[in-house]
Amino acid sequence: AGAGAARRPERADGETYQSYYVRVGDGTRDVVSARVPAGDPLDVLLVLLRLTLAGLAVGLGVYVTALPVRRRLGLFPAPRTRFRDKVLNRFLIVGLASVGLTGLVGQNVIQEQNEQAVRDLLRQRLGRVEAALGAEAPPGTPTGSLLEGVRPDALSAQLGFDLHLYRGADLLASSRRQLVTQRLIEPRLPAEVFHALYVEGRPFAFAASRIGTGDGGFAYTTGYKALPDSTGRPVGAAAVPTLPEQAAIE
């Protein structure tokens, strides 16, 4: 990408991005980066499969429409199978196989789109949590310094969703205290979330959470947002789970 610049694919939060890095100025170590979501090859495959399915549907409509005419002409059922009919039968088998593949790929694409929609919802809610934390503080106050004394139950009632607050890697307070008391919510950040927020410096991280085990367990997604101090380093985190809405999401 030229001197002082680099472009590379990266994965973050289960998504693939194209990242672009540029060094600012000569002789400095400052780097500016930007990234955009990378195209998914499955999307292209899904379009091709849909075109195949559309062609199969048109061919099936023509075939069914022509059946009465063929029957009157004595061509259906055919007295013997012609080579052309064998070829058409093979095309029919391929078309039916593509229908099944369309379903499998489409299910995967829709599931990924659903996961992305859930993450977008969690990002929006975490942004509202950060804004609510700093609403009564002087402008420019780092949100990481506002954790002490926050009542998550009151903040949860104000915002309309559950939340947890962390100081470092330890759970500081939660609007679902009964789940914490029953140890259904872990008292520490997941290792991958701690690494993403505190080591890699990402603003957001997401993790699959679970209550219970086996068939009786309940899986949901939790979004995390780093809360920085006055130097910009994360000292805490806010977390919002999808636990109450998980049944509707599924």
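The values are calculated or read from the model by the stated rules, or taken from the named source; none is laboratory data. Keep in mind that this is a model prediction, so the values were computed, not measured. A quick note on method: Cβ atoms are made from the backbone with ideal geometry, for glycine too, and the neighbour counts reach across all protein chains shown. We work out accessible area using only protein heavy atoms, side chains counted, and drop any ligands, DNA or RNA first. Shrake-Rupley method; radii C 1.70, N 1.55, O 1.52, S 1.80 Å.
I'm checking my understanding of the structure. Among residues of segment 3-19 that are under 22 Å from the mean Cα position of the chain (by Cα) and open to solvent by 60 Å² or more (accessible area, probe 1.4 Å), which one is farthest from ARG119 (Cα to Cα)? Restricting to residues being under 22 Å from the mean Cα position of the chain (by Cα) and open to solvent by 60 Å² or more (accessible area, probe 1.4 Å), the top hit is ARG8.
Counting only strands (runs of 3 or more DSSP E) that sit wholly inside segment 1-100, those with at least 3 residues that are of a type in the set (Phe, Trp, Tyr) are 15-23. Within segment 81-96, no residue that is over 20 Å from LEU51 (Cα atoms) sits with its Cβ atom under 8 Å from a residue that is assigned to a helix (DSSP H, G or I) and modelled with pLDDT of 85 or more at 6+ positions apart or across chains.
Looking across segment 151-197, just one residue is more than 11 Å from ALA239 (Cβ to Cβ), open to solvent by less than 40 Å² (accessible area, probe 1.4 Å) and at pLDDT below 90, and that is LEU179.
Answer yes if at least one residue in segment 108-120 is more than 15 Å from THR242 (Cβ to Cβ), part of a loop (DSSP other than H, G, I, E, B) and out of contact with any Phe, Trp or Tyr (no Cβ under 6 Å at 6 or more places or on another chain), and no otherwise. No. I'd like to know if segment 61-75 contains one or more residues that are open to solvent by less than 60 Å² (accessible area, probe 1.4 Å) and at positive phi. Within segment 61-75, one or more residues are open to solvent by less than 60 Å² (accessible area, probe 1.4 Å) and at positive phi. In this entry, LEU227 is excluded by the filter for residues that are modelled with pLDDT of 90 or more and open to solvent by 60 Å² or more (accessible area, probe 1.4 Å). Annotation: of all residues in segment 82-116 being under 25 Å from ALA248 (Cβ atoms) and open to solvent by 90 Å² or more (accessible area, probe 1.4 Å), the one that is nearest to the chain's Cα centre (by Cα) is GLN113.
Out of (1) in contact (Cβ under 8 Å) with a residue 40 or more places away in the chain; (2) not in a helix (DSSP H, G or I), the odd one out for VAL105 is which? Single failed check for VAL105: (2).
Being farther than 13 Å from PRO241 by Cα, of a type outside the set (A, V, I, L, M) and in contact (Cβ under 8 Å) with a residue 60 or more places away in the chain is the requirement here; does GLY168 meet it? Yes; evaluated as a whole, the condition is true for this residue.
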